[in-house]
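Q: Have a look at the structure that comes next, please.
The values are calculated or read from the model by the stated rules, or taken from the named source; none is laboratory data. Just so you know, these numbers come straight off a predicted model, no measurement behind them. So basically every Cβ, Gly included, is an ideal-geometry build from the backbone, and we count neighbours across all protein chains shown. Just so you know, the surface numbers come from the protein's heavy atoms only, side chains and all, with ligands and any DNA or RNA stripped out. Shrake-Rupley method; radii C 1.70, N 1.55, O 1.52, S 1.80 Å.
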Amino acid sequence: MKKKVNKNSLNGFINYGIVVAAYVVIRAMIGGGMVSNSLQSLLVPACCYVVMAVSLNLTVGILGELSLGHAGFMSLGAFSGIVASIMLQEAIPFIPLRLAASMAIGALAGALGGAIVGVPVLRLQGDYLAIVTLAFGQIIKNIIMVLYVGVDETGIHVAASSDRFVLADDGVAIIKGPMGAVGVTKLASFTAGFILILVTLLVVQNLVSSRAGRAIMALRDNRIAAESVGINVTKYKLMAFVISAALAGAAGALFGLNYSSTVASKFDFNTSILVLVFVVLGGLGSIRGSMIAAALLYVLPELLRSFDIAEYRMLIYAIILILVMLVTNNPTMKTFFGSLLKKSKKKKEGAGA
Amino acid sequence: MSFLNNVITGISLGSIYAIIALGYTMVYGIAKMLNFAHGDVIMVGAYMAFFAMGRFELPAIAGVLLAVVVCTALGIVIERLAYKPLRQAPSLAVLITAIGVSYFLQNGAQILWGAATKTFTPIVNGTLVLVPEQLSISYVAILSVVCCIVVMIGLTLFTTRTKMGKTMRACSEDKAAAQLMGINVDATISMTFAIGSALAAIAGVLMCSAYPVLSPTTGSMPGIRAFTAAVFGGIGSIPGALLGGILLGIIETFGKAYISTDLSDAVVFAVLIIVLLVKPAGLMGKYVPEKV
């Protein structure tokens with residue numbers, strides 16, 4: 001008997017395949033000396049942005065709520081990951097394990113942040129939710145900008161201003177207010193990024209094809225109908241939101257541990273929008289689309305640097321954002337582009353016959 | 001005395017927020033959308049006044065007029081090109097488009113006028129000293145409050161007394177019914193955007209006179225704060241925008257004075273979150289139950 005393969009799981013396997021293939025090819029290219037140093041330095045952040053895009057797609061594409069504070073969760077993950085990596089320095093000498101532990105703590109911080117915002121706020125919908133997530137992102141940025149964190153033999157010290165921040169002589173200051181985290185040991189590696197993407201795919205794809213995932217998508221498509229058949233709105237919304245935030249936290253930890261210093265203003269509103277552009281361009285709800293869009297759009301500007309396009313990059317993103325929305329949502333344009341697509345398909349079929 | 005000074009600063013800042021919040025509240029009331037680009041229209045208005053007064057050395061009133069005209073046109077163009085095609089689309093699509101427009105304006109301004117901050121020349125100078133060395137009010141602050149009151153009275157009269165104002169209210173209540181009564185809904189929405197953008201221009205000039213730095217991102221944070229004010233007062237309500245704006249201005253000033261300058265944004269947004277949780281319809285908004 002022929003075994004039936006679920007369309008969803010087939011799609012999922014293709015995604016894993018793409019990631020593994022990309023990893024193998026890039027590794028081979030690095031081995032062959034075909035990747036320049038500047039491009040190599042982009043690999044880890046590109047992995048982080050892929051994870052960010054896939055996780056934001058869970059909120060925007062699959063849950064159908066706009067989050068404008070995704071960078072806030074990334075920031076939480078980055079700074080808690082950095083603090084964890086320094087505190088675990090002696091407890092876990094093995095670097096990959098310490099990186100994994102730091103990322104786990106980053107994910108935990110992200111999830112915690114997601115729950116704190118999510119529990120009260122997910123009762124709101126649409127524009128209100130968007131503006132509150134935006135506000136939350138700003139609050140996180142503001143708080144980390146005034147935060148001082150350090151460790152010495154007596155334990156961890158946290159203060160809200162530099163004059164109250166006192167450490168023992170052998171203490172290490174980790175986060176220094178507006179200067180951000182400095183003196184971070186770079187632990188991140190491309191392989192870690194690759195594994196993080198696989199884990200993200202595993203989590204998100206299994207969630208989407210599970211009972212919970214179907215409930216979440218039902219909420220997106222018609223909240224009232226879903227509620228009336230007994231789907232617990234808050235529970236499933238919160239589930240999607242917290243998982244999304246946790247993945248962003250893990251990506252943030254990897255991102256933070258890729259640089260020797262990180263400032264909170266790196267994770268501002270612009271970063272949230274950048275990730276949103278990846279998601280929208282890749283296609284709302286399409287995990288593969290998010291992955292490809294994030295990887296390409298993150299690396300492309302670097303490749304095009306010689307063309308002096310950097311100045312126009314954000315302008316082009318803005319235009320893309322508007323155009324994609326108009327083309328996919330305006331009835332007239334939709335039928336127009338739809339008929340174009342049909343024509344080209346017919347041509348292809350005609351050529352094949 | 002520093003308490004009184006803070007109250008005065010708060011009220012004048014709040015008046016500016018109130019004028020911006022009106023733009024949000026009117027557009028939200030009619031088009032049911034959050035016009036994310038509203039804050040960036042403020043920035044464009046301020047730049048217009050800056051160039052008119054600084055480069056072409058026109059009098060202040062001409063600068064303000066130019067800003068109002070350009071912003072009104074800009075508001076109508078944005079509505080026609082970006083929002084009108086999406087009238088039937090889900091709100092997520094409209095919101096993402098609005099963010100796109102906001103980004104477009106910011107980055108367009110950066111390319112056209114440069115990223116460097118410019119120093120804005122205030123349209124009025126000097127301060128009124130009430131108690132020497134202790135209590136004083138700058139003329140800009142007085143002008144802001146006066147503008148805010150004039151705009152509020154004008155808008156209230158406009159929406160209640162004139163035919164156009166009545167069509168606006170009809171559209172915000174029920175678009176389909178309004179259309180059946182022969183109201184041109186598209187024209188009414190365009191007009192709302194025009195009025196909102198004109199107010200944004202005035203607010204931009206006032207804001208840059210009070211805090212004279214100008215850069216392509218000048219408008220975005222005040223825009224978001226003013227939206228907070230609109231939500232605080234109850235979105236869709238004109239007196240609510242006034243109340244919300246002034247309260248938010250006072251909260252922000254006091255937060256800066258007594259808590260921490262660095263945390264003023266955090267304080268403002270914490271207020272937003274608390275208001276939405278406790279009273280989602282805002283202080284003066286109507287609670288509209290969802291009909292199935």
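Q: Among the trypsin sites (Lys or Arg not before Pro) within segment A:77-159, which fall in a DSSP loop and have no more than 16 other Cβ atoms within 10 Å of their own Cβ?
A: For trypsin sites (Lys or Arg not before Pro) across segment A:77-159 that sit outside H, G, I, E and B with at most 16 neighbouring Cβ atoms in 10 Å, the list reads A:Arg123.
Q: Here's a follow-up. Pick from A:Gly180, A:Gly282, A:Gly338 the residue whose mean-square fluctuation is largest in a GNM of chain A, springs joining Cα atoms under 10 Å.
A: Largest GNM mean-square fluctuation: A:Gly338.
Q: Which value, to two decimals, describes the C-alpha radius of gyration of segment B:30-151 once divided by 2.2 N^0.38 Å?
A: Numbers: Rg = 18.0 Å, N = 122, 2.2 N^0.38 = 13.7 Å.
Output field value: 1.32.
Q: Another question, if that's okay. Can you give the helix-only mean residue ellipticity at 222 nm for the protein assembly as shown, where every DSSP H stretch with n ≥ 4 adds -39500 (n - 2.57) and the sum goes over all residues, rounded to the nearest 500 deg cm²/dmol?
A: -23000 deg cm²/dmol
Q: If you don't mind, there's one more thing I want to ask. How shielded is B:83-96 by partner chains, expressed as the average number of their Cβ atoms within 10 Å of its Cβ atoms? Write out the running numbers ahead of the final one.
A: On the way: counts 1, 1, 8, 5, 3, 3, 7, 4, 5, 13, 9, 4, 7, 14.
Across B:83-96, the average partner-chain Cβ count within 10 Å equals 6.
Q: For A:Tyr259, A:Tyr16, give me the order by solvent-accessible area with a 1.4 Å probe, most accessible first, ignoring ligands, DNA and RNA.
A: The most accessible residue leads, giving A:Tyr259, A:Tyr16.
Q: Now a separate question. Would you kindly calculate the translational diffusion coefficient of segment B:2-278, applying Stokes-Einstein with the Kirkwood radius from alpha carbon pairs, for 20 °C and a viscosity of 1.002 mPa s, and quote it in µm² s⁻¹ without decimals?
A: Stokes-Einstein gives a translational diffusion coefficient of 113 µm²/s.
Q: Next question, about the same structure. Could you pull out every one of the aspartates and glutamates with an alpha carbon less than 18 Å from that of A:Lys141, ignoring same-chain neighbours closer than 8 positions?
A: Result set, ordered by chain and number: A:Asp268, B:Glu252, B:Asp262, B:Asp265.
Q: Give the aspartates and glutamates reachable from B:Lys32 as a straight Cα distance under 18 Å; neighbours fewer than 8 places away on the same chain don't count.
A: Counting by Cα, and skipping residues close in sequence, B:Lys32 has these aspartates and glutamates nearby: A:Glu65, A:Asp127, B:Glu79, B:Glu173, B:Asp174, B:Asp186, B:Glu290.
Q: At q = 0.17, 0.19, 0.21, 0.23 Å⁻¹, what is the base-10 log of I(q)/I(0) for segment A:215-347 according to the Debye formula with one equal point scatterer per Cα and no solvent? Please give it to two decimals.
A: -1.19, -1.29, -1.35, -1.40
Q: Now, a different point. Provide Rg over Rh for segment B:206-292; use the alpha carbon set for both Rg and the Kirkwood Rh (inverse mean inverse pair distance).
A: 1.03
Q: Right, another one. Can you give the accessible area per residue of the protein assembly as shown, in Å², using a 1.4 Å probe?
A: Spelled out: the 1.4 Å probe surface of the protein assembly as shown, per residue, equals 45 Å².
Q: If one computes the Cα centroid of segment B:96-133 and of segment A:146-223, what distance in Å separates the two points?
A: Answer, in whole Å: 35.
Q: Within 10 Å of each Cβ in peptide A:313-326, how many partner chain Cβ atoms are there on average? Round it to a whole number, please.
A: On the way: counts 1, 7, 8, 2, 4, 10, 6, 1, 9, 11, 3, 4, 13, 9.
Per residue, the average neighbour count from other chains is 6.
Q: Moving on to the next point. With a 1.4 Å probe and every protein chain left in place, tell me how much accessible area B:Val150 has, in Å² to the nearest 10.
A: Ignoring ligands and nucleic acids, B:Val150 comes out at about 90 Å².
Q: Would you work out the Kirkwood radius for the protein assembly as shown? I mean one over the mean of 1/r across all pairs of different Cα atoms, in Å.
A: On the way: mean 1/r = 0.0380 Å⁻¹.
Evaluated on the protein assembly as shown, it is 26.3 Å.
Q: Okay, next question. Under 10 Å, Cα contacts only: if you run a Gaussian network model on chain A, which one of A:Val203, A:Val277, A:Val54 comes out with the highest mean-square fluctuation?
A: A:Val203
Q: Using a Gaussian network model on chain B with a 10 Å cutoff between Cα atoms, which of B:Gly45, B:Gly234, B:Gly114 fluctuates the most?
A: Among B:Gly45, B:Gly234, B:Gly114, the largest GNM mean-square fluctuation belongs to B:Gly114.
Q: Just the number, please: buried accessible area between A and B, total of both chains, 1.4 angstrom probe, nearest 100 square angstrom. Could the numbers behind the result be given before it?
A: Values: alone 18460 and 14360 Å², together 29080 Å².
Answer for the A-B pair: about 3700 Å² buried.
Q: Moving on to the next point. At 0.890 mPa s and 25 °C, plugging the Kirkwood radius over alpha-carbon pairs of segment A:26-123 into Stokes-Einstein gives what diffusion coefficient in µm²/s?
A: The diffusion coefficient I find is 158 µm²/s.
Q: I would also like to ask the following. Using only the Cα atoms of segment A:55-106, what are the Rg and Dmax in Å?
A: Reported Rg and Dmax, both Å: 14.4, 44.
Q: From zero up to wherever the largest Cα-Cα distance of segment A:19-274 sits, split into 5 Å bins and tell me the percent of pairs in each.
A: Spelled out bin by bin, segment A:19-274 gives 1, 7, 13, 17, 17, 15, 12, 9, 6, 3, 1, 0, 0 percent.
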